[in-house]
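Quick note: the coordinates plus some simple rules give every number you see, no bench work behind them. Values in this document were obtained by computation on a predicted structure and should not be read as measured data. Cβ coordinates were reconstructed from backbone atoms using ideal geometry, including for glycine residues, and neighbour counts include every protein chain displayed.
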Amino acid sequence: MRIQVLPETLANQIAAGEVVERPAAAVKELVENALDAGARRIEVDLEEGGCRLVRVRDDGSGMGRVDAQLSLQRHATSKLRSKEELFSIATYGFRGEALPSIAAVSRFFLLTCEAGARSGTRIEVEGGRVLSVEDAGAPPGTTVEARDLFWNVPARRKFLKRAATEQAHSVEALLRLSLPRPEVAFTLREHGRVLLHLAAGDATPAQAARAEEALGREVRGRLLRVQAQVRGVRVHGLAASPDIERANASGVWLFVNGRAVRDRQLTHAVLRAYGEAMPHGRYPAAILFLQIPPRDVDVNVHPTKAEVRLADGRAAYEAIIAALRPPLAAGDWLHAARAAEVVGHGPAGAGAYASGGFEHAAGAAEGSTDYDSTLRFPGAAGWEDRQSTANASQAQLVPEQPYFGGVRYLGQLHRTYLVCEGPRGLVLIDQHAAHERMNYQRLRRAAAEHRGHVQPLLLPIVLRLAPASAARIAESSAELAAIGIEGEPFGNGSIAIKALPAPLASLHESTLGALLADLAEELSSFGHGESLDVRRDALLARAACHASVRANDGLAEDEAKALIAALDSTDFGARCAHGRPVVAEWPTAEIEKRFGRDYESYAHAAAPETI
C-alpha cells in the first residue's frame, strides 16, 4: 500500500481522538480557553452528560472576526510566537488544537465579541466543515457549543459511558480547573439544573469551599493549610486529616503552576509524607499547588497536557514532604476541628481551614523567590498575600496548648481505653496504640544511633522457632542487627539472642519468641523492590507492637497520665505505627443530642431553665 497524505477532515478527527476522548475533555479545553481569555465568570451547560450538548459561555476578551475564523484552523494560536516561548509556557493552551479538534467531531457553534465592538461573529461548523460565518449581536466574551459529540465517528461514540458517568467526569474536570482560580466564578448545569455553583472570592474561603466539593463534605473542619519551599519549588495547599481515608489515590489532587497534572513521583511523595499516619492499603486526601519557574517545566509532553516534566523533580518531591510531614507528625489535624468550631463556617466554608502547618514548614523554606509574577494565571499571583490577614487572625485562634496536654484523665475503660475529658467533649485513647507509637519512635531513634541504645545480654536467650522462621531469621541477621536485635543460629531451629534495643530488653522469653516469629513473617513478605528504609520501618513497627502494653492490661493512674503526656512530644503521636488512630473524640454536642439535651431534636423535652 502506498503512502498518502490524509484528508484534512480525517486528520482532524484523528487529532480529536487524542485531545477530546469524552465530553469532559471538551469541557476542559473550552474552559481553559476561557481562562486564558481572562474570564471572570464561566458557565457550562450540559445535556445527557455532555454527549448531546456542551456549551461554555464566558465574559473574557472575546475575538474579532478574523481571529475567530483563524481559531478553527489547526495550530493557530495567540499564545506562542517563537520556539523559545515553548519552554516558558504560562497559559493553559498553546497548541491551537482544541477548537478544530472539537469542531471536527461535533455540530459546532461559536459566538464571540470583543469588548467595545459594534457586533460579534457567529460561526457554524459541522464535522469540521464551515457552514456559515456572519455578524451577530453578542455580549463581550465567547460562547462555544458542541452538539452531538462524535456524531460522525460512531466507533468513538460507542465508547462513551452512561450520561451520569460522563456528567461526573465533567464535574471533576471543572473542579480541577476551579481550584487554582478562586477569583473566577464557575457554574455547571445539566438540562438547566445547577450541579455546581462556585462563587468567586478570596483565596481562603473560596478554596476551602471548592476543596469540600472536590474531596467531599467530610473534609470540613479537617483541612490543614501547608506550605514549604525547597530549591526554588514552592508548595502550598490543603492536607486532609489522616482520619479521611480512601481506597485509592484519587483524593490526591496536584497542580503545577495552576495546571492539574498526574505524576506518579509527586503522588508518591504525598503518600510517603502520610505513610506513618495511614493504615496499610489506605490513601490520604490532599490538594497541593506547586509553583515552579516556567522555564523548569515542560508541559508539552502529553496530548491533553495532563502530565509535565520537571527539570528538578527531586526538589518538588522534597518540597511536598517538607510541606506535609511536619504538621502531620505534630498531629496538627487534631486542632483543625477545634479551630473550625471556633472560627465558624461561613457560606463559603471558611472554617474548613486550620492554621497548623505554616509554623512547622517555615524552617523548610529557602528564600522568598516568587515565581507567580512570571505566570499569566491571575489566580496564582499573590496567593499568599491575599491570605496574610486571614492567616494571622486564624493563627491566634488555634490553641497553643498541645492537644494531649489539654485533656484530663478520668479512668480506664475495659482496661483497654483511657477515658479523658477534652476541650470539645469525651476523648478515648487506645493505650496499646499510644504505647506502640512511643516505642516505635524510640526504636527508630535507637536504630538511627546504631549501637547507642543496644543492650548486650548477660546470658544469651535461646529461642526455639519453626524451621522456616529460624532459617529466615538467620538469613536476615544483618538486617535485624541494624534495628538492634543481634542473634545467631544455635542449631535445631533455635536462635540465640545476644543483644536487644532498650525498649525490648525487658520482654518475657515467650513474648520475644512471638516477636521473632512475627519478624520472620514480615521478612518473608518483602518484595524485591522494597527499599531498606521501608523494610526497616516495617520490622520496627512489628517490634514496637510486641514491646507495648496490651488490651486488658491494667494501668495505674500515674502510668496512664505519663503515657498521655508523652504523646505530645512523639511524632505522629495520634496514630500508631501501623497507621491506626490513637485517639477518638465524641463532641459534647453529640453527647447532649444522645441524651436529648439539645432541645431541638426533642421538642417534648423540658426547657433548660426547668432542669
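What's the percent breakdown of Cα-Cα distances in segment 8-196 across 10 Å bins, shortest bin first?
Per 10 Å bin, starting at 0, the Cα pair percentages come out as 10, 38, 39, 13, 0.
Could you run the Karplus curve 6.51 cos²θ - 1.76 cosθ + 1.60 with θ = phi - 60° over segment 515-527 and give me ³J(HN,Hα) per residue in whole Hz, x for Gly and Pro?
These are the phi-based 3J(HN,Hα) values: 4, 4, 4, 5, 5, 4, 5, 5, 4, 6, 8, 5, x Hz.
Place a +1 charge on the Cβ of each Lys and Arg in segment 133-221 and a -1 charge on the Cβ of each Asp and Glu, then give the dipole magnitude about the Cα centre in debye, rounded to the nearest 20.
So the magnitude is around 500 debye.
Between Ala448 and Arg74, what's the calculated FRET efficiency when r is the beta-carbon distance and R0 is 45 Å? Round to 0.05.
0.20
Determine, at each q value in 0.19, 0.21, 0.27 (inverse angstroms), the log₁₀ of I(q)/I(0) that the Debye formula gives when each Cα of segment 519-598 is one equal point scatterer.
The Cα Debye sum returns log10 ratios of -0.99, -1.08, -1.28.
Under the rule of at least 5 residues apart or a separate chain, name every residue whose amide H is placed under 5 Å from the amide H of Val256.
For Val256, whose amide H was placed from the backbone, the distant partners under 5 Å are Val261, Leu290.
Which residue, chosen from Tyr403, Ala499, Leu515, occupies the Cα position most advanced towards the positive end of the dipole of segment 401-611, where the dipole is computed from +1 (Lys, Arg) and -1 (Asp, Glu) charges on Cβ about the Cα centre?
Going by the charge dipole, the pick is Ala499.
5 Å is the cut-off here: which amide hydrogens, built 1.01 Å from N in the peptide plane, fall below it relative to Phe150, excluding neighbours closer than 5 in sequence?
Amide H to amide H, under 5 Å and 5 or more residues apart or across chains, Phe150 pairs with Ser106.
Across bins of 5 angstrom width beginning at 0, how are the C-alpha pair distances of segment 452-589 distributed, in whole percent?
2, 9, 16, 21, 18, 14, 10, 6, 3, 1, 1, 0, 0
Dipole size in debye (nearest 20) for segment 8-196 around its Cα centre, Lys and Arg Cβ +1, Asp and Glu Cβ -1?
Computed about the Cα centre, the dipole is about 340 debye.
What order do you get for 428-438, 214-224, 462-472, 121-131 when each peptide is scored by the mean count of other beta carbon atoms within 10 Å, highest first?
Ranked from most to least packed, the peptides come out as 428-438, 214-224, 121-131, 462-472.
Name the aspartates and glutamates eligible as straight-distance cross-link partners of Lys498: C-alpha to C-alpha under 18 Å, and not fewer than 8 places from it in the same chain.
Glu475, Glu479, Glu486, Glu488, Glu509
Taking amide H positions as placed 1.01 Å from N in the peptide plane, with prolines and chain starts having none, which residues 5 or more places from Gly237, or on another chain, fall under 5 Å of its amide H?
For Gly237, the qualifying residues are Val226, Phe289.
Looking only at segment 108-151, which residues have a backbone nitrogen under 20 Å from a spot 7 Å from the Cα of Arg40 in the C-beta direction?
Correct set: 113-117, 139-143.
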